[in-house]
Structures are given as C-alpha cells and as structure tokens.
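Novice: This is the structure I want to talk about, given as structure tokens.
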Amino acid sequence: MKILVLNAGSSSLKYQLFDMDNGNVLSKGACERIGAGGTITHKRPNAEPFYEELDLANHSKALARVLELLCSAEYGVISSIDEIGAVGHRVVHGGKMLESCIVTESVIKYLETIVPLNPLHGPPAIAGIKSCLELMPSVPQVTVFDTSFYSSIEDFRYIYPIPYEFYENDKIRRYGFHGTSHRFVSYELAKVMGKPIEDLKIITCHLGNGSSVTAVEGGKAIDTSMGFTPQEGIVMGTRSGSIDPTIVTYLIKSKGYTAEEVDNILNKKSGLLGITGLSNDCRNVTEAAENGNARAELAIKMLVNSIKKYIGSYIAEMNGVDAIVFTAGIGENQWNIREKVCENMSYLGIEIDADKNKNFERGVPFEISAEGAKVRTWIIPTDEEYMIAIDTERLAKK
Ligand code: AMP
C-alpha cells in the first residue's frame, strides 16, 4: 500500500509518499511560504530536486500542486492519486485522543474545540485534513497525534500542583509532545537490542530545535519533560524550557511587558539564542564555544545540565534504566553534546566509548556504550513520518 504522510505547519506543508511493501520513500518535499507567495521543493530518489515558486494562497492549493507533481509524467512517482491507499496526518495536539484514528466529522469537530490549546499547529493541521477530504474524498485519512503516546502517564505525573479546577475545567495538565518520535525510537531500540520492549526501561532524548526527554517503561511512556505546551522542560533553540513561573508575572507586573510579549520572549527569544545572543542553532553555538565565546560555553553547559537532570530523575522514577537513546538533529549529530551529557554518570551506570561516540555511523542505529557499561547508550535516527505511515496503513487496512 502507498501512504502519503502530511505535516502541515502554519505556512508550510511537508509530505512523504511511502511504499509500505518495502518501506521505501518514493517522494518527499515541502511547500513553504503558503499564504505569502509560495515555493515547492519536490524530491525523488536518484533525481535532481524540482523547485518552483508559485502562488500558494492556502493549504488546499499547496496540496493540489503536490498531488499534481506526484502524478506528473515528468516529476511523478505514481500514475494517479488512486494509487494512494491512505493519508496520514501529523497532528501535534490530540487533547483527549488516546490513539491514532481514522478521520471522521466528529474527529475534526473535536480538533477544532482544542485549537486554543494548540493555536500554532492546530489550524494548519485541520486545514490539511480538510484539503485532503476535498481533493481525495474516497481515500481514508488518519490522524496521528504527538500527544497520544503519553496517554499512559499517570495522573500524579500529569496534573500540575495548582488548584484542581484548572485541570477539571480548563484542561490544564501535562500533555507531552514529540510522542511519535519517542515511540518510534523506543521500538527501534528494542529491535536492535533484540529484547522485548515489555522488558525494557528506556530514557529517550529527542534533542533538536525543540527538545524533550521521555521515560519509557515496558513500551509505555511514564513521564516526559514537555508539559501543557512544548515550552516546558530542557533548554531549547529559542524556547526557555522550565523557569520559575513568577518570572512571567514579574515581567508583566514590574517591567511592563504584555502577556503576548512575554510569550514571544519565552518561545522565540530564549534558549540557546537568548543565552548567547548569537544563534538558536546548536552547531553555531558549539563553534562559538570552541572559539572561546563565554556565553556560548555557558549555553552549552546549561543545555547539558538540563538534560542530565531529567535523565537522573527518570532513573529515580523507574528505579533504573536499561538504555539511553539520543535522537533528532542534536542527538543524532552532535557528539560533543552526547559526550557532555554522559560525562560523570558512571555512578548511574552510564558510560560511553569516546571514540565510538565521536566516530559514529550516521543514519543507522549505533551503540556508543563503553565496554561493560551497565546502561547501554544508543544513537537511533528518528523517523516520525514512517511511524505515522505505519499507523496509517494499520488503520486503513482495518
Ligand atoms: P531538528 O529540530 O531535529 O531539525 O534539529 C535541529 C538542531 O540540530 C539544530 O540545533 C542544529 O544545530 C542541530 N544539528 C547539529 N548537526 C546537525 C545536522 N548535521 N543536521 C541537522 N541538524 C543538526
């Protein structure tokens, strides 16, 4: 079966077409600047990428052009959209949705009610789903939620210690994010370790521009660093991660910032960018630190320390850990961050082989544990789109 996976952002639409019979990616690409001009980069294996600038007024126009390209004689990989067996949509926030599901009217209606919980990603995801229903009405649509991996977290870990009515009336609780990635790498890890996932305690570190750490016991998430929004937790590219909440009210009450300005500062001007004043990109921050930039050195120390704190607390919560996984842009590529995170952790059984960590093989699961280490440490490339395609095929076949 061929599965199209869509990931709609506020002004973008990323896509991948999978042939699930062999797991191959037939084509992938991205529409960008939707609503303010428009560009498409469309790729196929062993062919030059096709790029065009065109007017993409909305997500529906973008999807229509993507379908044309996928089926075109010159740049296509299928002869008609009838070859697409189902479409899988990445939805960041699923609210109370506990599992991936086939799209129905009531699913769309529910997603519309939780837009206030997810104002950035909710509307484009809904627009993407509606465009597919309009352009491919007979093809099953599946929604896969980043939050649903966290439906196994227990109440004492997801309820915040604020008046209980905020949880009951306003749905304020930990939801957790990046769940599709944490789920994918935990199952991949069990496969490469040759162990049933039910027997494993794992800590997965998804470290990218947005970052989160998750404790996975027996294949189920038991705790995670992101919370009510993807703002909580470790230091990120432009997001602060966890801070004393009174900083927010202090900035508003004593410094005259509006709530919107504080939101913008904490989401877009903090983290690595805020500390260094240079960049949100961990490669640039690493380079600056190597060249002696004191604030870049500080930012790296803060990032590393925030990750260590979660690893330590999740080992305490699970009473041990069998494996640590590093994934996403920083986790998969930056040996310096992995080295510093795993430094001085031998008391907890975490020891890595410096040479393997530095000279790791890219793009494949790769173990970097030191010989005889009690805890095994791995780099596992994440593939959220493939995970979405797996769920989509399973549900479409039902
Ligand atoms: P992501 O959000 O997963 O795309 O990760 C982006 C982060 O990964 C940025 O901070 C990058 O600096 C960092 N990174 C480091 N090396 C690479 C690489 N080779 N490719 C992509 N991202 C990288």
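Novice: Take region 252-294 and flag every residue that is part of a helix (DSSP H, G or I), touching a helix residue (DSSP H, G or I) at 6+ places or on another chain (Cβ under 7 Å) and within 16 Å of the ligand (Cβ to nearest atom).
Specialist: Selection gives LEU272, ILE275, THR276, CYS282, VAL285, THR286, ALA288, ALA289.
Novice: What is the number of the single condition among (1) of a type in the set (S, T, N, Q); (2) assigned to a helix (DSSP H, G or I); (3) in contact with a strand residue (DSSP E or B) (Cβ under 9 Å, 6 or more places away or on another chain); (4) modelled with pLDDT of 95 or more that SER131 does not meet?
Specialist: Among (1) of a type in the set (S, T, N, Q); (2) assigned to a helix (DSSP H, G or I); (3) in contact with a strand residue (DSSP E or B) (Cβ under 9 Å, 6 or more places away or on another chain); (4) modelled with pLDDT of 95 or more, SER131 violates only (4).
Novice: In addition: Please specify each residue of region 318-336 satisfying the condition of being at negative phi and away from the ligand (no atom under 16 Å from the Cβ).
Specialist: Those that are at negative phi and away from the ligand (no atom under 16 Å from the Cβ): MET318, VAL321, ASP322, ALA323, ILE324.
Novice: Considering every residue within region 56-63, establish whether at least one is touching a strand residue (DSSP E or B) at 6+ places or on another chain (Cβ under 9 Å), within 24 Å of LEU133 (Cβ to Cβ) and part of a strand (DSSP E or B).
Specialist: So far as region 56-63 goes, no, none of its residues is touching a strand residue (DSSP E or B) at 6+ places or on another chain (Cβ under 9 Å), within 24 Å of LEU133 (Cβ to Cβ) and part of a strand (DSSP E or B).
Novice: Quick check, is LEU70 crowded, with 17+ Cβ neighbours inside 10 Å and either touching a His at 6+ places or on another chain (Cβ under 6 Å) or not in a strand (DSSP E or B) (or both)?
Specialist: Yes: the conditions hold for LEU70.
Novice: For GLY349, are the conditions met, namely being away from the ligand (no atom under 14 Å from the Cβ), loosely packed, with under 15 Cβ neighbours inside 10 Å, within 30 Å of ILE197 (Cβ to Cβ) and in contact (Cβ under 8 Å) with a residue 24 or more places away in the chain? Walk me through how you get there before you give the answer.
Specialist: Details: away from the ligand (no atom under 14 Å from the Cβ): yes; loosely packed, with under 15 Cβ neighbours inside 10 Å: no; within 30 Å of ILE197 (Cβ to Cβ): yes; in contact (Cβ under 8 Å) with a residue 24 or more places away in the chain: yes.
Judged against the criteria, GLY349 is not a match.
Novice: Tally the residues that are of a type in the set (A, V, I, L, M) and surrounded by fewer than 19 Cβ atoms within 10 Å (Cβ to Cβ), restricting the search to region 300-317.
Specialist: Going through region 300-317 one residue at a time, the tally reaches 2.
Novice: Filter region 352-367 down to residues that are more than 16 Å from the ligand (Cβ to nearest atom) and outside any helix (DSSP H, G or I), then give me how many there are.
Specialist: Going through region 352-367, the residues more than 16 Å from the ligand (Cβ to nearest atom) turn out to be 352-356, 365, 367.
Imposing the further condition that a residue be outside any helix (DSSP H, G or I) reduces the set to 352-353, 365, 367.
So the answer is 4.
Novice: Kindly provide the set of residues from region 136-158 that are surrounded by fewer than 24 Cβ atoms within 10 Å (Cβ to Cβ) and either under 22 Å from the mean Cα position of the chain (by Cα) or in a strand (DSSP E or B) (or both), ordered by number.
Specialist: Matches in region 136-158: SER151, SER152, ILE153, GLU154, ARG157, TYR158.
Novice: Any residue at all in region 118-126 that's outside any helix (DSSP H, G or I), in contact with a Gly (Cβ under 6 Å, 6 or more places away or on another chain) and closer than 18 Å to LYS171 by Cβ?
Specialist: Among the residues of region 118-126, not one is outside any helix (DSSP H, G or I), in contact with a Gly (Cβ under 6 Å, 6 or more places away or on another chain) and closer than 18 Å to LYS171 by Cβ, which makes the answer no.
Novice: Now a separate question. From the list HIS89, HIS93, HIS42, which residue is modelled with pLDDT under 95, surrounded by 21 or more Cβ atoms within 10 Å (Cβ to Cβ) and either more than 25 Å from GLU393 (Cβ to Cβ) or not charged (D, E, K, R) (or both)? Walk me through how you get there before you give the answer.
Specialist: Working: HIS89 fails: modelled with pLDDT under 95; HIS42 fails: modelled with pLDDT under 95.
The match here is HIS93.
Novice: Ok, one more. Among the residues of region 299-317, is there at least one that is assigned to a loop (DSSP other than H, G, I, E, B) and either more than 16 Å from the ligand (Cβ to nearest atom) or under 26 Å from the mean Cα position of the chain (by Cα) (or both)? Lay out the reasoning, then the answer.
Specialist: Taking region 299-317 first, the residues assigned to a loop (DSSP other than H, G, I, E, B) are none.
Checked against the condition, which is being assigned to a loop (DSSP other than H, G, I, E, B) and either more than 16 Å from the ligand (Cβ to nearest atom) or under 26 Å from the mean Cα position of the chain (by Cα) (or both), region 299-317 yields no hits at all.
The values are calculated or read from the model by the stated rules, or taken from the named source; none is laboratory data. Values in this document were obtained by computation on a predicted structure and should not be read as measured data. Positions of Cβ are backbone-derived with ideal geometry, glycine not excepted, and every protein chain shown enters the neighbour counts.
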